[in-house]
Amino acid sequence: MSIKRALLGRPLATAEELGQRVPKLLALPIFASDTISSTAYATEEILLALVLAGTAAVAFSFWVALAVVVLLALVAVSYQQTVRAYPNGGGSYVVASENLGAVPGMVAASALMVDYVMTVAVSVSSGTAAILAAFPSLAGNVATHPDRNRVLISVGIVVFMALVNLRGIKETGRLFAVPTYLFVLLCGGLVVVGIARILAGDLRPLSAFAARETSAQGVALGWIILRAFSGGCSAMTGTEAIANAVPVFKQPESRNASVTLGIMAAILGFLLLGITGLAQWLHVTPQEGTTVLGQLGLAVYEKGFLFYALQIATMAILVMAANTSFGGFPRLAAVLAQDGLMPRQFMNRGERLVFSNGIIVLAAAAIAVLVIFRAKTHSLIPLYAVGVFTSFTLSQAGMVNHWFRLRGSGWKHRALMNGVGAVLTAVVTLVILVTKFVHGAYLVVIAVGILMAGFQYVRTHYARVASLLEPKSMDEERQVAVRTRSKPRTTVVLFVSQINRLVANALAFGRGLSPDEFRAVTIASDPAKVEALREKWKELGIEVPLVVVDSPYRELTRPAVEYVRSLGPGPDHVVTVIIPEFVVEHWWDNVLHNQSALRLKVALRAIPWVVIVSMPYQIGQG
């Protein structure tokens, strides 16, 4: 408990929940770190696609970035409307479920959950790659164990981020605020200083650039530009997170969430256009061993303090981009649990008023992905962004239907805007899926299908349980009322293997229940021990009859369960089984005992109308 308190802090009372809500200043680094961090690689993704058609095709990069920013504006405005219309959170899932139906809602939720897991894996693996590039000695012996240290560092980062998030939403924001705003300041400064130096004539295109004619024409060139557009759209991952987390904002929640979304979109749009414009003007293209942002930093800041600060801030923001998922996944899981699509444990808040189970499950899933793919970013990228654009499309389409249903003031232009956004995000989803399908995107499709099947199973299970527990007719309701007034026949069974203080306490407790019948039962796996028990029982004059159940194969659980079944438990005959057990002083002492009481309790739970009473005896406490 002391370790837990040191790691997570003191428990927070429910009454302190309002004090844990975050202002816009802290919400931005919590829920927008993924989106903001994408400026470190979005321009590079655009250029990587365009250079396939020759370096002269790089001239399209700014226009592609502008198209991404236009789409970003449409999606951001759409989500601003979503957070006002659905202030309880849930984002794409809630919008799709309410306006398109249960199945589209489950598709949106499962796609988004897969993307949250992939966001953690991709962000952490890319951050680890940046760390190893800066400190090669941390890679260890790459000849004998090429991936071991990379995987261990990645897993360590995920565990660290999970612990930070388990401490509470407010503490997470405080910890991650400085690196996030430092990256925004240095990256924004890069754009401003770069433009100022260009206007002053102090910054010229890189001399190493040699233009190569565009080799693709017509349809091929259009497809390449479309691929560049879909690559640049990776900058939009994480946009959904704020819509999922509206309730954690300070009051007024919807307004603050909407403003934060607008600030995030403005920062991302400015940085993406600025970095892409600089890269195009300076003739920067992707190079092995460095990044486009690194080349721009070197050209604008030159090799000084600001350049190294930008590199460190980039490394930090890439790692912290995973935090967006830690903010969004648990809240989405809680909404799904509330609707009966996920286990209800996901609705439980931990001691620090966060959805601890969601955080732990997300961390475990991300660690599994990192271990399976050996924390290699290039292996994870094909699985990235498919899910989020699927949820974007369903959310936009859902909002179109929302406006058509309500038909309030200005509904036509809102529906048109969301309709255009739905078409564009659907095109991006299709392009990403087609271009990345054979490289791993098919795994996302499989994962979405498995999650949807899981949602359906959970919903069916809860519905079946509720149906079985609820009276189906007036006659059944009368029977329930009669049973509350009647007293069934009761039999108490006490399992014993020897006579000691624990059994004496259990015998006294059993008599206190005043049953219609009380039996002590021993399982005869050792004839000598059974005979000694009989003699001792008779010698002490214990009035409770001792029943011996033969066990020729030296089993305990099966003969005990068969004996209890033979008593015929039912609505008019309740069998209460007392199982004495002792509690050891130290947890590690449990390995010295066979845990037969635990196995017996688990087996007896399958028998209806059997009440199981555990009779614990604390060792060392008398």
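A few notes on this one:
- Relative pair counts by distance (%), Cα atoms of segment 1-122, 10 Å bins: 10, 24, 32, 22, 9, 3, 0
- All distinct Cα pairs of segment 250-332 go into the 1/r average, and the inverse of that average, the Kirkwood radius, is 15.3 Å.
- Annotation: amide H of ALA524 within the under-5 Å range of VAL549, ASP550, SER551, sequence separation 5 or more or interchain, hydrogens built in the peptide plane.
- Positive-end residue, the chain charge dipole about Cα centroid, Cβ charges, pick of ALA143, TYR442, GLN338: GLN338
- Area of SER2 that stays accessible when all protein chains are in place (1.4 Å probe, Å², to 10): 100
- Long-range amide H partners of ASP339 with built H, under 5 Å: none
- Three-way shape label, segment 271-428, alpha-carbon gyration tensor, a/c 1.5: oblate
- Length-normalised contact order for the chain - Cα pairs under 8 Å, 6+ apart - percent: 21
- C-alpha center-to-center spacing [segment 43-83, segment 536-587] in angstrom: 72
- Extents of segment 490-622, taken as max minus min of Cα coordinates on every principal axis and listed largest first, are 42, 34, 33 Å.
- In segment 525-588, a dipole from Cβ-located charges (positive for Lys and Arg, negative for Asp and Glu) runs towards its positive end, and of VAL574, GLY541, VAL584 it is VAL574 whose Cα lies farthest in that direction.
- Candidate aspartates and glutamates for bridging to LYS303, where Cα separation is under 17 Å - those fewer than 8 sequence places away on the same chain excluded: ASP202
- Heavy-atom accessible surface of the chain: percent carbon and sulfur, 1.4 Å: 63
- Within-12-Å neighbourhood charge of TYR462 [Cβ basis; K, R +1; D, E -1]: +2
- Zone of VAL423's modelled label, taken as backbone nitrogen in segment 230-255 under 19 Å from a point 7 Å along Cα→Cβ: 230
- Here the peptides 27-33, 376-382, 65-71 are ranked by packing, the mean other Cβ count within 10 Å, and the order with the highest first is 27-33, 65-71, 376-382.
- For the chain, size of Cβ-based charge dipole, Lys and Arg +1, Asp and Glu -1, in debye: 740
- Taking N as the residue count of the chain, its C-alpha radius of gyration divided by 2.2 N^0.38 Å amounts to 1.25.
- Taking a ≥ b ≥ c as the square roots of the eigenvalues of the alpha-carbon gyration tensor, segment 54-158 is classed oblate because a/c is 1.5 or more while a/b is no larger than b/c.
- If you take the alpha carbon atoms of segment 402-472 and fit the smallest convex hull around them, that volume is 116 Å³ per residue.
- A protection proxy built from the mean count of other Cβ atoms within 10 Å ranks the segments 321-331, 415-425, most packed first, as 321-331, 415-425.
- Estimated from helices alone, the mean residue ellipticity of the chain at 222 nm is -20500 deg cm²/dmol (sum of -39500 (n - 2.57) over DSSP H runs with n ≥ 4, per residue).
- Sequence of LEU600, LEU185, LEU199 from largest to smallest accessible area, 1.4 Å probe: LEU199, LEU185, LEU600
- Charge dipole (the chain, unit charges on Cβ, about Cα centre) - positive-most of ALA520, VAL431, GLN498: ALA520
- Accessible solvent surface per residue of the chain, calculated while the other protein chains remain in place, 1.4 angstrom probe, Å²: 47
- Distances between every pair of Cα atoms in segment 1-52, grouped in 10 Å steps from 0 to the bin holding the largest one, split as 18, 23, 26, 16, 12, 5 percent.
- Rounded to two decimals, the Cα-based Rg/Rh of segment 86-133, with Kirkwood Rh, is 1.26.
The values are calculated or read from the model by the stated rules, or taken from the named source; none is laboratory data. Here the structure is a predicted model, which is why all the values come from computation and not from measurement. As a convention, Cβ positions derive from the backbone with ideal geometry for all residues, glycine included, and neighbour counts pool all protein chains shown. Heads up: the accessible areas ignore ligands, DNA and RNA and are worked out on the full protein's heavy atoms, side chains in. Shrake-Rupley method; radii C 1.70, N 1.55, O 1.52, S 1.80 Å.
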